[in-house]
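Asks: The following block contains the structure, expressed as structure tokens.
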Amino acid sequence: MEGTMKCVVKTEPSRDNLHLWEKPIPKPGRGEVLIKVRLAAICGTDVHIKDWEPFAAERLNPPVTIGHEFCGEIVEIGKDVDPARVGQLVSAESHVVCGHCALCKAGLANVCLNTTCIGLHFDGAFAEYVVIPDENAITCNPDIPDEVNALLEPLGVAVHAASKVELAGKTVAIVGCGPIGLMAVAVAKKMGASKVIAVETNEYRAATALKMGADVAVNPLKENTTESVRNATDGLGPEIILEFSGSKPAIIEETKYIRKGGSIVVVGLPPGEISLNFENIFYSGVNMYGISGRELYRTWNIMKGLLDAGMDIKECISDVLPLEDFEKGFDLIKSGKALKVLLKP
Ligand SMILES: [Zn+2]
Ligand SMILES: [Zn+2]
């Protein structure tokens, strides 16, 4: 495809420096597809890139078009791609994996040793068009709203966490109800959790968690979390904790109120090191699991099933803005007054 397109580019290796640029529409190479982006979502990672935190500075080499959560239509294909893909509505697995390292071969491609990411190592989806590997373009159900199909990548993190352990019939505390924690509330309910307790300090997010199916909301700023969570679980503590807050004090407290023999699934990344009393963990028969990305492609299959079964996550979307207004989107997220913010090229 000829012509130029609008895109949001991290232009310099320092704070801010996100600019709307005009670039040539990229060409799909061998094994790649060109996608016309319908909607893209701002992720916490994009905020880290904007703020030029170490995570971003170690990986991104400007200028790079950012954005990795999106849906769109395949409009052109490179060599060795099935022509039937043209016209398909797709979302993207943002992790591009090598397929031949020891971990990929062991079925652990979500922690591939050679992972690169859309919108971080190479140009991403805050643009009118994006090129990605054919294998990363996952076909979407066109009957599901674009707003939801644009969120399959972060939803996949919630589904991966929730499918790490058996949730059916169990009491589940979801700690940290940012967009992914909120999605996890919907996932846990759909998977049959007997009670979902949302632990969240931001009242707007807590209220959304209740709308999305949480049975109880606990505010650690206003009440004793351990006491309130225990009260909601017959005094025993929840059987499962899905941790999305990345808050050190929150994680330390989780290891105290988790039920003996329970499981803590950790997604939230606390800054730096954290000291935990192992008596609360291994001596109590508690399991802790770490989550990275989505299992390829088991998580995608479970997610598809949950959406086909009517799971709804639209409540976690607060704003849809034109791509040009991306700065406003980032400001809204920083203010704590937004949930998921979508950009429309
Ligand atoms: Zn993301
Ligand atoms: Zn690999």
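The values are calculated or read from the model by the stated rules, or taken from the named source; none is laboratory data. Bear in mind that the values here come from a model prediction, so they are computed numbers and not experimental data. Note that we place each Cβ from the backbone using ideal geometry, even for glycine, and neighbour counts take in every protein chain shown.
Asks: Please specify each residue of the stretch 22-36 satisfying the condition of being under 10 Å from Val81 (Cβ atoms) and among the acidic types (Asp, Glu).
Replies: Within the stretch 22-36, Glu32 is the sole residue that qualifies.
Asks: Closer than 28 Å to Leu103 by Cα and not polar (S, T, N, Q), is that true of Met311?
Replies: Details: closer than 28 Å to Leu103 by Cα: no; not polar (S, T, N, Q): yes.
Criteria not met by Met311.
Asks: Does the stretch 116-126 hold any residues that are farther than 27 Å from Leu307 by Cα and either touching a residue at least 40 places away in the same chain (Cβ under 8 Å) or more than 16 Å from ligand 1 (Cβ to nearest atom) (or both), and which are they? Walk me through it before giving the result.
Replies: Start the filter on the stretch 116-126 by keeping residues that are farther than 27 Å from Leu307 by Cα, which leaves 116, 120-123.
Across the stretch 116-126, the qualifying residues are Leu120, His121, Phe122, Asp123.
Asks: Checking Ala193 against (1) within 16 Å of ligand 1 (Cβ to nearest atom); (2) more than 27 Å from Leu18 (Cα to Cα); (3) small (Gly, Ala, Ser), only one condition comes out false. Which one?
Replies: Here Ala193 clears every test but (1).
Asks: Given the criterion in contact (Cβ under 8 Å) with a residue 12 or more places away in the chain, crowded, with 20+ Cβ neighbours inside 10 Å and not assigned by TED's automatic domain parsing to the domain that holds Pro54, identify the matching residue among Ile240, Ile302, Ile333. Explain how you work it out, then say what you get.
Replies: Working: Ile302 fails: crowded, with 20+ Cβ neighbours inside 10 Å; Ile333 fails: not assigned by TED's automatic domain parsing to the domain that holds Pro54.
The unique qualifying residue is Ile240.
Asks: Only one residue in Gly87, Gly107, Gly78 is out of contact with any Leu (no Cβ under 9 Å at 6 or more places or on another chain), more than 28 Å from Gly176 (Cα to Cα) and away from ligand 1 (no atom under 16 Å from the Cβ). Which one?
Replies: Gly87
A quick yes/no check of all residues on (1) over 19 Å from the mean Cα position of the chain (by Cα); (2) crowded, with 24+ Cβ neighbours inside 10 Å; (3) on the phi < 0 side of the Ramachandran plot; (4) not charged (D, E, K, R):
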| site | (1), (2), (3), (4) |
| --- | --- |
| Val96 | no, no, yes, yes |
| Gly119 | no, yes, no, yes |
| Gly124 | no, yes, yes, yes |
| Tyr129 | yes, yes, yes, yes |
| Asp134 | yes, no, yes, no |
| Thr139 | no, no, yes, yes |
| Ala162 | no, yes, yes, yes |
| Glu166 | yes, no, yes, no |
| Ala173 | no, yes, yes, yes |
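Asks: Okay, next question. For the stretch 127-141, does any single residue satisfy the condition of being free of Cβ contacts under 8 Å to residues at least 60 places away in the same chain, touching a Cys at 6+ places or on another chain (Cβ under 6 Å), within 16 Å of ligand 2 (Cβ to nearest atom) and not assigned by TED's automatic domain parsing to the domain that holds Thr233?
Replies: Residues of the stretch 127-141 that are free of Cβ contacts under 8 Å to residues at least 60 places away in the same chain, as a first pass: 136, 139.
With touching a Cys at 6+ places or on another chain (Cβ under 6 Å) added as a condition, the list becomes none.
Among the residues of the stretch 127-141, not one is free of Cβ contacts under 8 Å to residues at least 60 places away in the same chain, touching a Cys at 6+ places or on another chain (Cβ under 6 Å), within 16 Å of ligand 2 (Cβ to nearest atom) and not assigned by TED's automatic domain parsing to the domain that holds Thr233, which makes the answer no.
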